[in-house]
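Heads up, the thing below is written out as structure tokens.
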Amino acid sequence: VQLVESGGGLVQAGGSLRLSCAASESTFSINAMGWYRQAPGKQREMVAATLGGSYNINYADSVKGRFTISRDNAQTTMYLQMTNLQPEDTAVYYCNAELIDRKYSTGQDYWGRGVQVTVSS
């Protein structure tokens, strides 16, 4: 099983993008989830993440009020809705999730490969 990301691209400042991250096999469900990003020359940082499988969500101060993390009802796809994007949001965005094997009720942590988001001024 893998996490497959999509939705990145180039957008002007003030624009919006929605990133998606899907489990490649429907027999796995997303429990804990998070989005991280890494800009050139910088360390990877947390953008938004849930506390375990709960609805308690932490957002980085820099994205509060602009970004929203969510998950579909089937718990196979997670999203990051990004609005009012700014050039400093330019980075490679990675999804991270604990995937639960529905058959065996076991969990394991996975990372997506990353998707580029570029915001022009």
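The values are calculated or read from the model by the stated rules, or taken from the named source; none is laboratory data. As the structure is a computational prediction, the values presented were derived from the model and not from experiment. Every residue, glycine as well, gets a Cβ built from its backbone with ideal geometry; the counts of neighbours run over all protein chains shown. Surface areas here come from the heavy atoms of the whole protein model, side chains and all, with no ligands, DNA or RNA. Shrake-Rupley method; radii C 1.70, N 1.55, O 1.52, S 1.80 Å.
Of all the numbered requirements in (1) at pLDDT 95 or above; (2) surrounded by fewer than 17 Cβ atoms within 10 Å (Cβ to Cβ); (3) assigned to a loop (DSSP other than H, G, I, E, B), VAL63 misses one, and that requirement is (2). Residues in segment 98-121 that are touching a Phe, Trp or Tyr at 6+ places or on another chain (Cβ under 7 Å) and of a type in the set (A, V, I, L, M, F, W, C) were compared, and the one that is most open to solvent (accessible area, probe 1.4 Å) is TRP111. Of all the numbered requirements in (1) within 26 Å of LYS103 (Cβ to Cβ); (2) crowded, with 20+ Cβ neighbours inside 10 Å, SER70 misses one, and that requirement is (2). Listed by first and then second residue, the pairs linking a residue in segment 100-116 that is over 16 Å from SER24 (Cβ atoms) and β-branched (Val, Ile, Thr) to a residue that is open to solvent by less than 80 Å² (accessible area, probe 1.4 Å) and assigned to a loop (DSSP other than H, G, I, E, B), with Cβ atoms under 7 Å apart and 6 or more places separating them unless they lie on different chains, form an empty list. For segment 7-38, the set of residues classified as small (Gly, Ala, Ser) and either more than 19 Å from GLN75 (Cβ to Cβ) or touching a His at 6+ places or on another chain (Cβ under 6 Å) (or both) consists of GLY8, GLY9, ALA13, GLY14, GLY15, SER16, listed by residue number. If you go through segment 10-60 and keep only what is surrounded by 13 or more Cβ atoms within 10 Å (Cβ to Cβ) and outside any strand (DSSP E or B), you end up with ALA13, GLY15, THR27, ALA39, ARG44, GLY53, ALA60.
Restricting to segment 73-97, and then to whatever is open to solvent by less than 40 Å² (accessible area, probe 1.4 Å) and not in a strand (DSSP E or B), can you tell me which residue is farthest from SER121 (Cα to Cα)? Restricting to residues being open to solvent by less than 40 Å² (accessible area, probe 1.4 Å) and not in a strand (DSSP E or B), the top hit is THR76.
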